[in-house]
Amino acid sequence: MSPQTNIAKPNYEENCCNCGQTPTVEIYNEKGILVHSLDMCGVCTWGESACLDPEEWN
Ligand SMILES: [Zn+2]
């Protein structure tokens with residue numbers, strides 16, 4: 001439900017709270033400000049194995 005101007009960036013400092021993988025997902029707005037820090041990796045956030053790769057997030 002995020003506006004399309006928001007972008008997801010990988011955080012390699014945190015492990016996924018669900019599966020332990022890195023990176024986890026952080027959501028930034030169009031001004032580059034962190035608006036949402038998720039505790040889960042791309043796969044657990046979006047439920048798709050392709051989302052293991054941060055290149056697939058945006
Ligand atoms: Zn995960």
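The values are calculated or read from the model by the stated rules, or taken from the named source; none is laboratory data. Because the structure is predicted, anything quoted here is derived from the model rather than measured. Counting neighbours? That spans all protein chains shown, and the Cβs are built from the backbone with ideal geometry, glycine included. What goes into the accessible areas is simple: the full protein's heavy atoms, side chains included, and nothing from ligands, DNA or RNA. Shrake-Rupley method; radii C 1.70, N 1.55, O 1.52, S 1.80 Å.
Averaged per residue, the chain has 70 square angstrom of accessible surface, using a 1.4 angstrom probe with ligands and nucleic acids left out. Computed 3J(HN,Hα) for the range 36-52, one whole-Hz value per residue from the Karplus formula 6.51 cos²θ - 1.76 cosθ + 1.60 where θ = phi - 60°, is 7, 10, 8, 9, 10, 6, x, 4, 6, 5, 9, x, 10, 4, 4, 6, 4, glycine and proline marked x.
Given M40, C19, P54, which one lies farthest toward the positive end of the charge dipole of the range 7-56, if we put +1 on the Cβ of every Lys and Arg and -1 on the Cβ of every Asp and Glu? Positive-end residue among those listed: M40. 3J(HN,Hα) couplings calculated from phi for the range 18-24 with the Karplus curve 6.51 cos²θ - 1.76 cosθ + 1.60 (θ = phi - 60°) are, in sequence order, 9, 10, x, 6, 10, x, 8 Hz; Gly and Pro show x. All other residues whose Cβ lies under 11 angstrom from that of N11 are scored, Lys and Arg at +1 and Asp and Glu at -1, for a net of -3.
For the chain, carbon and sulfur atoms together expose 47% of the accessible surface, with a 1.4 angstrom probe and every protein chain in place.
Distances between placed amide hydrogens fall under 5 Å for E14 paired with T24, all partners being 5 or more residues away or on another chain. GNM remark for the chain: springs join alpha carbons under 10 Å apart, and the peak mean-square fluctuation among V35, V25, V43 falls on V35.
So, counting K/R as plus one and D/E as minus one, what does the shell of residues with Cβ under 13 Å around V35 add up to? That sum, taken over residues with Cβ under 13 Å, equals 0. For the chain, what is the mean residue ellipticity at 222 nm derived from helices alone (per DSSP H run of n ≥ 4: -39500 (n - 2.57); sum divided by total residues; nearest 500 deg cm²/dmol)? Helix contribution divided over all residues of the chain: -1500 deg cm²/dmol.
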